[in-house]
Amino acid sequence: MSALISSLIGSIAGEILVPGDKSISHRALILGALAIGKTQITSLLESDDVLATATALRNLGVDILKSDDGTWSVFGRGVGGLSEPESVLDMGNSGTAARLLMGVMASHPFKTTFVGDKSLSMRPMERVMIPLRQMGGQFSSRSEGRLPITVTGSVTPVPISYELPVASAQVKSAILLAGLNTQGLTSVVEKEPTRDHSERMLSYFGANLSIEKSSKGENKISILGQPELTGNSIIVPGDFSSAAFIIVAALIVPSSNVKLKSIGLNPLRTGLLKTLQEMGGEIKIYNERFEGGEPVGDLEVSSSSLKGIVVPASRAPSMIDEYPILAVAAAFSLGETHLQGLGELRVKESDRLSAIAEGLSLAGVKVSEIEDSLLIKSTGKVTGGVTIKTSLDHRIAMAFLVLGMAAENPIIIDDSEMIDTSFPDFIALMNRMGASIKEISI
Ligand code: S3P
């Protein structure tokens with residue numbers, strides 16, 4: 001365990017590139033593996049989570065190489081072309097890697113066993129196993145549908161039409177990926193739109209995918225099975241969810257100005273932008289463009305006086321990973337901030353709802369956890385001077401380090417190792433911009 005201390009600073013400044021998007025990086029490797037020919041990936045996120053997907057795919061018979069210029073090449077095996085792994089697939093801390101690959105393996109006719117770390121082994125997997133069983137996959141798991149899980153893929157998978165009971169891009173993607181190697185039309189209906197990177201990338205690789213939008217705002221996504229996908233070139237945009245920590249740091253640390261280049265601005269990911277702007281955050285977007293089927297742009301953020309607002313439940317799917325850092329912004333905002341519809345936060349890398357409430361209240365912020373919502377009341381100042389338990393959760397670790405940058409007294413986090421799962425360069429980058437984040441023994 002390596003503890004870190006983050007102390008009050010005067011300002012942050014810089015022009016930076018944040019590392020590649022985690023969701024898109026996983027999908028680029030997986031679709032590259034299922035295409036025919038070579039897929040070349042530029043700016044792949046080289047974090048522990050994404051490297052777990054690369055290692056798993058190698059175990060399934062795919063050649064994946066990194067060149068000296070930093071680009072990655074995936075030599076695809078074609079849809080249905082993966083081979084039985086010789087060892088278990090270790091997904092580490094990554095829910096996305098585990099759930100998406102469980103979908104892929106449900107329509108490959110052999111046994112694959114998935115394991116993960118302590119955090120991932122606590123997370124619910126029934127949500128993917130229920131639809132994948134209907135498609136013919138067989139699963140044996142630890143009690144309550146937890147990892148380790150062995151999937152026996154179906155020889156003759158059957159297409160389904162499935163209505164998602166929870167807003168989850170991971171479950172949606174698992175079904176679409178299983179549907180890739182299933183004859184016929186597999187459909188997923190989502191009542192609340194979630195990130196659509198799988199849909200965009202499947203179409204980009206040549207899959208026959210269609211989306212029907214109903215007047216009620218529902219999406220029905222259908223994929224026609226057993227297409228031939230063609231290897232492609234992908235430039236991974238900067239991860240908005242990683243940029244979020246820098247955006248909030250620039251807003252709450254006085255006299256700051258930061259420019260962030262080439263950030264993914266998929267509207268199903270950027271609920272935080274809208275929210276922070278409503279709170280009074282000065283964030284400019286410019287140079288908007290498309291790269292590899294995804295919207296991208298540059299951002300400029302300056303310190304701002306923030307005010308509390310109500311963030312409705314309907315916005316949660318477009319900012320599901322951003323609540324820890326939004327809660328930090330709320331802690332420095334004048335008045336009340338009410339974050340609603342946070343039930344899904346309980347099943348992330350940790351119970352984030354409790355972790356945010358406990359951490360903020362330790363740091364001297366008035367916060368109440370009311371069912372699935374958080375009410376944060378602030379005078380705009382935070383006392384700090386406490387140690388936060390990160391519970392194997394990278395976003396809790398990074399959010400509280402940002403809190404320390406503007407709190408009256410330093411914040412210590414008990415463990416920083418998990419930051420490598422999504423943002424390996426976080427500490428160095430923050431310190432280059434003016435942060436004071438140092439190792440400490442506790
Ligand atoms: C992800 C989807 C989200 C998100 C996760 C990445 C993805 O999870 O929290 O960090 O890449 O599909 P859910 O779809 O389970 O909400």
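The values are calculated or read from the model by the stated rules, or taken from the named source; none is laboratory data. Worth saying up front: this structure is predicted, and the values here are computed from it rather than measured. Note that each Cβ is placed from the backbone with ideal geometry, even for glycine, and that neighbours are counted across all protein chains shown.
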Inspect all residues belonging to segment 341-353 and state whether any of them is at pLDDT 95 or above, over 15 Å from the mean Cα position of the chain (by Cα) and of a type in the set (S, T, N, Q).
no
Taking segment 29-62 and the residues there that are small (Gly, Ala, Ser) and touching a helix residue (DSSP H, G or I) at 6+ places or on another chain (Cβ under 7 Å), the one that is farthest from residue 295 (Cα to Cα) would be 56
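For segment 188-195, indicate whether the set of residues that are more than 16 Å from the ligand (Cβ to nearest atom) and over 18 Å from the mean Cα position of the chain (by Cα) is non-empty.
For segment 188-195, residues more than 16 Å from the ligand (Cβ to nearest atom) and over 18 Å from the mean Cα position of the chain (by Cα): absent.
Rundown of residues vs (1) within 19 Å of residue 97 (Cβ to Cβ); (2) not hydrophobic (A, V, I, L, M, F, W, C), yes/no style:
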site	(1), (2)
140	no, yes
175	yes, no
180	yes, no
193	no, yes
198	yes, yes
Looking only at residues in segment 359-371 that are surrounded by fewer than 17 Cβ atoms within 10 Å (Cβ to Cβ) and not small (Gly, Ala, Ser), which one is modelled with the highest pLDDT?
366
Taking interchain pairs and intrachain pairs at least six residues apart, which have beta carbon atoms under 7 angstrom, with the first residue in segment 233-252 and closer than 17 Å to residue 14 by Cα and the second of a type in the set (Asp, Glu) and part of a helix (DSSP H, G or I)?
244/322
Need at least 2 residues that are of a type in the set (S, T, N, Q) and closer than 21 Å to residue 79 by Cβ per element, so show me which helices (runs of 4 or more DSSP H) inside segment 113-225 make the cut, counting only ones lying wholly within it.
169-180, 197-204
Residues within segment 153-178 that are more than 16 Å from the ligand (Cβ to nearest atom), within 26 Å of residue 344 (Cα to Cα) and of a type outside the set (A, V, I, L, M, F, W, C), tallied:
1
Is it the case that residue 394 is of a type outside the set (Lys, Arg), farther than 25 Å from residue 280 by Cα and buried (at least 17 other Cβ atoms within 10 Å of the Cβ)?
yes
Anything in segment 82-103 that is touching a residue at least 60 places away in the same chain (Cβ under 8 Å) and within 14 Å of the ligand (Cβ to nearest atom)? List them, or say none.
92, 93, 94, 95, 96, 97, 99, 100, 101, 102, 103
When you go through (1) under 25 Å from residue 230 (Cβ atoms); (2) within 15 Å of the ligand (Cβ to nearest atom); (3) of a type in the set (A, V, I, L, M) one by one for residue 129, which number turns out not to apply?
(1)
Which of the residues belonging to segment 280-319 are within 19 Å of residue 381 (Cα to Cα), surrounded by 18 or more Cβ atoms within 10 Å (Cβ to Cβ) and touching a Lys or Arg at 6+ places or on another chain (Cβ under 6 Å)?
none
Could you tell me which of the residues 2, 47, 73 is touching a residue at least 60 places away in the same chain (Cβ under 8 Å) and farther than 30 Å from residue 142 by Cα?
2
Quick one: would you say residue 167 is at pLDDT 95 or above and over 29 Å from residue 38 (Cα atoms)?
yes
If I filter segment 342-349 for residues that are more than 20 Å from residue 273 (Cβ to Cβ), surrounded by fewer than 24 Cβ atoms within 10 Å (Cβ to Cβ) and without any contact (Cβ under 8 Å) to a residue 60 or more places away in the chain, do I get at least one hit?
yes
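Residues that are more than 19 Å from the chain's Cα centre (by Cα) and under 19 Å from residue 24 (Cα atoms): does segment 298-306 have at least one?
Checked against the condition, which is being more than 19 Å from the chain's Cα centre (by Cα) and under 19 Å from residue 24 (Cα atoms), segment 298-306 yields at least one hit.
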Are any residues in segment 14-28 within 16 Å of the ligand (Cβ to nearest atom), in contact with a helix residue (DSSP H, G or I) (Cβ under 7 Å, 6 or more places away or on another chain) and more than 21 Å from residue 177 (Cα to Cα), and if so, which ones?
18, 19
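Taking the conditions exactly as written (crowded, with 24+ Cβ neighbours inside 10 Å, within 16 Å of the ligand (Cβ to nearest atom) and of a type in the set (A, V, I, L, M)), does residue 44 satisfy them or not?
yes
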